[in-house]
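Just so it is clear, none of the values below were taken in a lab; they were calculated from the coordinates. None of the values given here were measured: they were computed from a predicted structure. Glycine also receives a Cβ, built like all others from the backbone with ideal geometry; neighbour counts cover every protein chain displayed.
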2 protein chains.
Amino acid sequence: MKKILIVGGVAGGASAAARLRRLSEEDQIIMFEKGPHVSFSNCALPYHLSGVIEEADKLVLMSPEKFKAQYNIEARVSSEVLSIDRKNKEIEVKNYLTGDIYRESYDKLILSPGAKPIVPNIPGIDKVNVFTIRNVVDIDKLNRYVKELEAKDIAVIGGGFIGVEAAENLREAGYNVSLIEAMDQILKPFDYDMVQILHKEMYDKGINLIVGDKVENFEENKVVLNSGKKITAKAVVMAIGVLPEITLAKEAGLEIAQTGAIKVDSNYKTSDNDIYAVGDAIEVYNALTHSMTKLSLAGPALKQARSVANHINGKKGINKGYIGSSAIKVFDFNAASTGLNEGLIKALNMNINYDIVRLITNDKVGIMPDAKPLHFKLIYEVPTGKVLGAQAIGKGDVTKRVDIIATVIKLGGTVEDLKDLELSYAPPFSTAKDVVNYAGYIASNLLEGDFKQVNVDKVRKLVEDKAYIVDVREVREFENGHIKGAKNIPLSQLRDRVNEIPKDVPVYLHCRTGQRSYNAALALQNLGYNNVSNITGSFLGLSYYEYYNDILTGREPIVTKYNFK
Amino acid sequence: MKKILIVGGVAGGASAAARLRRLSEEDQIIMFEKGPHVSFSNCALPYHLSGVIEEADKLVLMSPEKFKAQYNIEARVSSEVLSIDRKNKEIEVKNYLTGDIYRESYDKLILSPGAKPIVPNIPGIDKVNVFTIRNVVDIDKLNRYVKELEAKDIAVIGGGFIGVEAAENLREAGYNVSLIEAMDQILKPFDYDMVQILHKEMYDKGINLIVGDKVENFEENKVVLNSGKKITAKAVVMAIGVLPEITLAKEAGLEIAQTGAIKVDSNYKTSDNDIYAVGDAIEVYNALTHSMTKLSLAGPALKQARSVANHINGKKGINKGYIGSSAIKVFDFNAASTGLNEGLIKALNMNINYDIVRLITNDKVGIMPDAKPLHFKLIYEVPTGKVLGAQAIGKGDVTKRVDIIATVIKLGGTVEDLKDLELSYAPPFSTAKDVVNYAGYIASNLLEGDFKQVNVDKVRKLVEDKAYIVDVREVREFENGHIKGAKNIPLSQLRDRVNEIPKDVPVYLHCRTGQRSYNAALALQNLGYNNVSNITGSFLGLSYYEYYNDILTGREPIVTKYNFK
């Protein structure tokens, strides 16, 4: 019989406990949770603000009584673990209900303390009502508070997952929400070119979205930004990020890594042979960047918990590291991301040779009434074609496509494999060739040097430089909005009018989504043009790319009119 | 300059033509189509019957004019290719608009004639109005005919994809639809145990579903079945299957395979060096059964078309064979399948050692208001753990899960890989551990011998044999419907009441979905019980499994009441 103590009763802790029990009926398992609840759905917390999840109680998935009855696991809530006595293999616990402080011995100890929201000491922070979102108590408090407000102005600071979800759900509940992000974009798992779709959606849905501006200080119910802007806010939700909860581990002398998280080995064991750690508090190996990183994701935490329970019971496993996959709903748009993105590659100064595919397809057969454009970006290694990452944004099933890519990455696949995938197809779900197949085709074509491309983020410069841009859409499409200075030669007239296109300058082609212009590009090349590029993302992608930045900066649009259809 | 002729202007033909043009601007490309339309969405045809796709014209994706203008491809409609003169490399064509018969020479010929609906010569077939669904003309004809009917009785014969989709869409349009299938189940890509969910759905939505009964003959507006039943039908849709369209190839002396389809090599070249064939008319290599097979799927046809265009232009590729992935919507349920299933393994007498995982999870976080059960079945090889196939049925995103499995199969992955997949997660889309992760865990546990299972299809026999079945759901769940003779010991009372369970007989456990009973099974094993089995699919799966068969046979239910929640 082993006695196993677990610090933290949410995702990782609760999951480890249940697995431990399945592996041994006789072990004594005790879980300690500082707050009043174990096993709540932390990822679902923001959905309480909009009423999608009506009762805060619903967020709590298991009670201590249920843990005891179903798993014979003791879950002690309102119980903070104050310290670890590694020498004697004991912890010191404070029971907040009785005030008692007591010691509990262990054979094995699992730390699953999570991460805590960062609340920087910004001047004037006492002049606003600051909230954070970490647990059910937090969200219930925030929700009750805002429900009582007469003025409905709320500021969310930080454009990460929690910030964006909080902003969305508060907006859905009818509040005037400002979302303030110091970086030039929200949601770092998405590249700058892709995330503009979400910037636009936030803006369109009435969020006062502010990017690239920093909170300087607070005044009475006001957020003062670096730009001088003052944002009225009866409540301020701090969502700028989280820090691993390492105090306990650090005070116990466990090794803390350079990332500021608890250092663990391949089996999630800390520097103490009898202490494991899992979840947001640890650093993990990123199998794509080949470096240690913090990863605040639920799925990996659950996997780590299972590994630890297995390891304690003598079951072995291999730690393959992590690639990081995530998803978020932003009003009517769904967005998902996996693996590397351009932003991360640049931020880490990774010495990797890569290229991208960016395309837009219908998410299902185009004639089905609810078919919608799906914006897709693939990152792959050059010249190997190894798939490194993907992002997808659209109103339909984007997580499917990203999950397929995540699977390919995990299994070490290449863009050749993408071409070959046989995905289930029927008109209500997809197209006979799926966007991931197309991405594989395009990447292979690029690797074979069949054609060249430029991304939508280069178009403004091209326009400024008066580059030769040909819009191959039909005339009525062109008239309904086009790039200033672009020449309109519909694909259907291209071969008759090819002499209008000069051979001695670079030619940039686009249509609505890039498919027709791809055909046009190959036709021109086969007709002897040797400097032709397809504008990936084309007019639809460009419209999304430029739209919010125009609003943000007040600059002159490079198109006569945007088109988002 | 090459002159390339293509017979058949739908999926494979049109796709080959477009790719050929991209690879060469100068080649002459002519496509011949017997019907009046090229490039229509054959998979979307049934959706015209319900009005989801309102206008039949919308089903036609490209016109000959557009092919000419955009791709410089000549598409000759209403033009039947009558014969191939291989010696002179010419074809003979009949223009149905002018009545002219003429010859056209080729350097390369691509056959993409598709498959034709089987209309067997059943006695009395002239006494009913028979329709088939192959092209836009067919569906338009059927749709116009039924719209004029006063009596709304229609029979669909054949429970394959087209039959089921036709039945569904006609039912949605308000008709009294009988679906008659000679085999004991519809939709062979789904195993008998899984497809019962769809049988129930068809029945619940008012389809007069008849399985295991054969059409004997027809009387005036009546279908007479082998059982003696007579089904009134003002229109009869024949959807019992398709046969490869091989007449042209056969008459030209091209090799026809034992499957009855055109024989092609790895590059989809027929026995004639200058003639290729693609799509429903050919046989392909199934990479899982290691045998040649017919495969009437759009995705593979498009891939073959691309390969052929590449091969004609000197681009090489590897033929990795096919695994077969498909999807279908059946009223409120979505269903998808990939790779091998038990039915196919048995039908082919495959010498393969396999096991299954069958489980039910929520398709998204359970507290989200639109979370629904997802029924999942995984087939994998024993002892290697190699993933062989999967089926998923539910009201949510089932194609995602099956496509992930299809990807794993294509890349040669195992159940260990499933455990390790990092899928994108947010509460509106999925759960932190997805059903494919769970399936990997369970399969690994089974391979490690951690527990035993029986599938829901064995439960009736267990009940008849008075096996010892323990229902570990809570009392109120048990009272709301349970297996007759099962003992109710809720998981929450299991450890206190374990002495009630005998140690000398096999013990079968279930709960609602199998998760609690899995925990109970491991607890019992760890308490010294050595013959414990978890009933996979549990009460929810059993309810679906038994429901329609009870109705069909009028037999005594083995449960006091079904529960589908």
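General observations
- Tensor-based shape of the stretch A:1-122 (alpha-carbon gyration tensor, a/c under 1.5 rounded, otherwise prolate or oblate): oblate
- Here the stretch B:332-448 is treated with +1 on each Lys and Arg Cβ and -1 on each Asp and Glu Cβ, and its dipole about the Cα centre works out to around 220 debye.
- The local environment of A:Tyr192, defined by Cβ-Cβ distances under 14 Å, has a net charge of 0 under the rule Lys, Arg +1 and Asp, Glu -1.
- Given R0 = 41 Å, the distance between the Cβ atoms of B:Lys214 and B:Glu55 translates into a calculated FRET efficiency of 0.65.
- When the P(r) is computed for the protein assembly as shown, the part past 60 Å accounts for 15% of the Cα-Cα pairs.
- Antiparallel %, DSSP beta bridges [both residues in the protein assembly as shown], to 5: 55
- For the segment A:359-366, counting C-beta atoms of other chains within 10 Å of every residue's C-beta and taking the mean gives 2.
- Interchain or long-range residues, amide H under 5 Å from A:Gly537's placed H: A:Ile360
- Positive contributions from Lys and Arg (+1) and negative ones from Asp and Glu (-1), summed over other residues with Cβ under 11 Å from the Cβ of B:Gly160, come out at -1.
- ³J(HN,Hα), Karplus 6.51/-1.76/1.60, whole Hz, each residue of the stretch B:369-375, x for Gly, Pro: x, 9, 5, 9, x, 10, 8
- Look at B:Val456, B:Val559, B:Val472 and count the other Cβ atoms within 10 Å of each Cβ; fewest to most, that gives B:Val559, B:Val456, B:Val472.
- Candidate aspartates and glutamates for bridging to A:Lys2, where Cα separation is under 16 Å - those fewer than 8 sequence places away on the same chain excluded: A:Glu25, A:Glu26, A:Asp27, A:Glu74, A:Glu90, A:Glu104, A:Asp107, A:Asp274
- Residue exposure proxy: B:Glu165, B:Glu342, ordered by other Cβ atoms within 10 angstrom of their Cβ from fewest to most, comes out as B:Glu342, B:Glu165.
- Centroid-to-centroid separation of the stretch B:106-152 and the stretch B:1-38 [C-alpha atoms, Å]: 25
- For the stretch B:487-565 versus the stretch A:460-475, the gap between their alpha-carbon centres in whole angstrom: 67
- Chain A, relative contact order in percent, only Cα pairs under 8 angstrom and at least six apart counted: 10
- When Rg and the Kirkwood Rh are both derived from Cα coordinates, the Rg/Rh ratio for the stretch B:332-448 amounts to 0.97.
- Cross-link table B:Lys386/B:Lys484; A:Lys263/A:Lys316; A:Lys294/A:Lys386; A:Lys116/A:Lys269; A:Lys58/A:Lys230; B:Lys108/B:Lys400, entries beyond 30 Å C-alpha to C-alpha: B:Lys386/B:Lys484; A:Lys58/A:Lys230; B:Lys108/B:Lys400
- Reported to the nearest whole Å, the Cα centre-to-centre distance from the stretch B:243-274 to the stretch A:254-290 is 60.
- Each other copy holds its own label point for B:Lys3; taking that point as 7 Å from Cα along Cα to Cβ, the gaps run 9.2 nm, nearest first.
- Percent RCO, i.e. relative contact order, over the stretch A:491-543, from Cα pairs under 8 Å lying at least 6 residues apart: 40
- Taking the stretch B:125-240 and dividing mean pair separation by its residue count, relative contact order in percent (alpha carbons under 8 Å, at least six apart): 38
- Residues whose amide H falls under 5 Å from that of A:Val242, counting only those 5 or more places apart or on a different chain, are A:Ile118, with hydrogens built in the peptide plane.
- Average partner coverage of A:312-322, which counts Cβ from other chains inside 10 Å: 2
- Straight Cα distances below 17 angstrom link B:Lys503 to the lysines B:Lys452, B:Lys466, B:Lys487, with same-chain residues fewer than 8 positions distant left out.
- Tensor-based shape of the stretch A:291-389 (alpha-carbon gyration tensor, a/c under 1.5 rounded, otherwise prolate or oblate): oblate
- 14 Å Cα-Cα reach of A:Lys372 towards aspartates and glutamates, excluding residues that sit fewer than 8 places from it in its own chain: A:Asp332, A:Asp363, A:Asp397, A:Asp434
- Remark: label point of A:Thr98 defined 7 Å out from Cα along the Cα-Cβ vector; separations to the same position in other copies 10.0 nm, ascending.
- Cβ-to-Cβ counts within 10 Å put B:Met292, B:Met194 in ascending order as B:Met292, B:Met194, the fewest first.
- Taking the DSSP bridge list for chain A and keeping only pairs wholly inside it, about 55 percent are antiparallel.
- Net charge over other residues, Cβ less than 14 angstrom from the Cβ of B:Pro506 (K, R count +1; D, E count -1): +4
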